[in-house]
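K.L.:
Dropping a structure here in structure tokens format, bear with me for questions.
The values are calculated or read from the model by the stated rules, or taken from the named source; none is laboratory data. Computed from a prediction, not measured in an experiment: that's the story for all the values here. Neighbour counts run over all protein chains shown; Cβ positions are idealised from the backbone, glycine included.
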Ligand SMILES: [Zn+2]
């Protein structure tokens with residue numbers, strides 16, 4: 001039904017290298033997904049993203065649903081056609097932004113009621129609605145709606161939230177299957193009859209334009225920082241049966257070692273036959289440590305958001321280009337980096353551009369940070385191909401500890 005597939009080509013310990021196949025092509029994993037919130041990565045052209053090696057983008061359902069609206073995008077043929085990006089796209093469910101951005105949100109069993117942060121208009125995001133919007137956007141990977149719990153939370157609240165997330169996951173999956181094949185539940189009793197045309201009645205009844213028939217849907221594991229809840233959530237989410245699984249609710253302010261422990265506790269309960277996606281993480285160190293624990297997909301706003309604030313990632317740690325000590329520094333941001341910014345710009349020039357508020361400062365900084373992230377993943381994949389991931393991991397941490405972080 002969906003065009004989704006995954007195969008592991010190399011592994012070392014729990015780290016894997018593989019290839020994920022989607023309706024819009026293949027993605028080499030472990031992979032980093034730049035965040036294109038409004039259908040664009042801030043400051044970047046798609047051309048620059050492709051040149052930097054990005055193979056898949058993440059776009060935010062909440063923002064695109066509010067503006068320009070999933071109906072308008074579906075009329076243009078879906079998100080790929082609308083934004084002119086031909087490679088794979090993953091969309092989130094919209095839940096995270098409802099929980100973090102929207103005004104006056106209330107959560108009940110039906111879903112999340114909220115007011116738009118733009119104009120105060122009222123909306124209801126249910127597991128079914130999240131599936132419908134993403135069907136119209138036509139991303140290659142849709143995420144199921146989950147409840148995003150605030151950190152820290154007690155175990156009782158975390159369990160209540162996890163149980164609701166599981167009920168929402170069942171509803172979201174049912175809707176996803178119903179949109180695509182309204183006769184799915186009847187098939188067994190009608191063996192031998194020709195299959196009904198895909199996504200006929202259910203999609204029509206709901207006035208939906210399904211713009212990507214090959215879309216896959218990922219389930220999301222919750223359970224806060226409680227290992228017993230994480231493993232239970234993983235097992236029960238897998239029982240529902242999605243194309244693959246993500247770990248949500250981490251990288252929300254808990255200490256690094258807690259996040260690594262939760263990732264390490266959860267991945268053994270997620271099928272080895274599918275990619276595992278750690279949502280919203282993290283620093284370059286987080287990526288390396290999570291790959292070591294069996295993660296294959298990442299997204300994070302750090303490289304792009306920090307770039308716009310002047311913070312640049314390098315192989316020896318982060319620097320802040322605003323710092324006065326770069327005023328006459330003729331070196332590139334990172335002498336080991338081959339990105340356009342490092343090949344053509346000095347730290348002194350980048351500091352000047354930032355200081356005067358030149359638009360190019362955001363573009364050049366983002367180009368470098370994304371290149372650094374994508375190149376880190378490329379080097380991880382290469383080390384896995386040669387059975388040298390553990391060596392890479394040790395060297396990576398050694399380099400990072402060489403100089404202190406900029407304030
Ligand atoms: Zn660079």
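K.L.:
Tell me whether region 62-76 contains one or more residues that are at pLDDT 95 or above, surrounded by 18 or more Cβ atoms within 10 Å (Cβ to Cβ) and in a loop (DSSP other than H, G, I, E, B).
P.N.:
Checked region 62-76: no residue is at pLDDT 95 or above, surrounded by 18 or more Cβ atoms within 10 Å (Cβ to Cβ) and in a loop (DSSP other than H, G, I, E, B).
K.L.:
Might you let me know whether region 118-128 holds any residue that is under 28 Å from residue 28 (Cα atoms) and within 19 Å of the chain's Cα centre (by Cα)? Step through it out loud before you land on a result.
P.N.:
In the first step, residues of region 118-128 are kept if they are under 28 Å from residue 28 (Cα atoms); the result is none.
For region 118-128, residues under 28 Å from residue 28 (Cα atoms) and within 19 Å of the chain's Cα centre (by Cα): absent.
K.L.:
So how many residues does region 349-376 have that are surrounded by fewer than 22 Cβ atoms within 10 Å (Cβ to Cβ) and out of contact with any helix residue (DSSP H, G or I) (no Cβ under 6 Å at 6 or more places or on another chain)?
P.N.:
Qualifying residue count for the region: 10.
K.L.:
Right, something else. State yes or no: is residue 123 part of a strand (DSSP E or B) and free of Cβ contacts under 8 Å to residues at least 60 places away in the same chain? Talk me through it step by step, then tell me what you get.
P.N.:
Numbers: part of a strand (DSSP E or B): yes; free of Cβ contacts under 8 Å to residues at least 60 places away in the same chain: yes.
Criteria met by residue 123.
K.L.:
Could you please find all residues in region 344-384 being farther than 25 Å from residue 288 by Cβ, part of a helix (DSSP H, G or I) and within 12 Å of the ligand (Cβ to nearest atom)? Walk me through it before giving the result.
P.N.:
Narrowing region 344-384 to residues farther than 25 Å from residue 288 by Cβ: 344-364.
If we keep only those that are part of a helix (DSSP H, G or I) too, we end up with 344, 347-355, 359-364.
Result: 344, 347, 350, 364.
K.L.:
Can you report the number of residues in region 152-164 which are touching a residue at least 24 places away in the same chain (Cβ under 8 Å) and either surrounded by 15 or more Cβ atoms within 10 Å (Cβ to Cβ) or touching a strand residue (DSSP E or B) at 6+ places or on another chain (Cβ under 8 Å) (or both)?
P.N.:
So the answer is 6.
K.L.:
In this structure, does residue 337 turn out to be within 15 Å of the ligand (Cβ to nearest atom) and closer than 20 Å to residue 359 by Cα? Can you show your working first?
P.N.:
Numbers: within 15 Å of the ligand (Cβ to nearest atom): yes; closer than 20 Å to residue 359 by Cα: no.
Criteria not met by residue 337.
K.L.:
Can you name the condition, by its number, that residue 99 falls short on among (1) exposed (fewer than 14 other Cβ atoms within 10 Å of the Cβ); (2) part of a helix (DSSP H, G or I)?
P.N.:
(1)
K.L.:
From the list 174, 181, pick out the single residue that is at pLDDT 85 or above and either in contact with a strand residue (DSSP E or B) (Cβ under 7 Å, 6 or more places away or on another chain) or more than 21 Å from residue 276 (Cα to Cα) (or both). Walk me through how you get there before you give the answer.
P.N.:
On the way: 181 fails: at pLDDT 85 or above.
On inspection, the qualifying residue turns out to be 174.
K.L.:
Residue 164 versus (1) in a loop (DSSP other than H, G, I, E, B); (2) at pLDDT 95 or above: which is the lone unmet condition?
P.N.:
(1)
K.L.:
Give the number of residues within region 44-78 that are more than 20 Å from residue 29 (Cα to Cα) and in contact with a strand residue (DSSP E or B) (Cβ under 6 Å, 6 or more places away or on another chain).
P.N.:
1
K.L.:
Taking region 318-334 as the region of interest, how many residues are in contact (Cβ under 8 Å) with a residue 40 or more places away in the chain and more than 15 Å from the ligand (Cβ to nearest atom)?
P.N.:
Initially, region 318-334 is screened for residues in contact (Cβ under 8 Å) with a residue 40 or more places away in the chain, giving 318-321, 323.
Going one step further and asking which of them are more than 15 Å from the ligand (Cβ to nearest atom), we end up with 320, 323.
Number of matching residues: 2.
K.L.:
Sticking with this structure for a sec: Tally up the residues in region 77-96 that are closer than 22 Å to residue 298 by Cα and in a loop (DSSP other than H, G, I, E, B), please.
P.N.:
Final tally of qualifying residues: 7.
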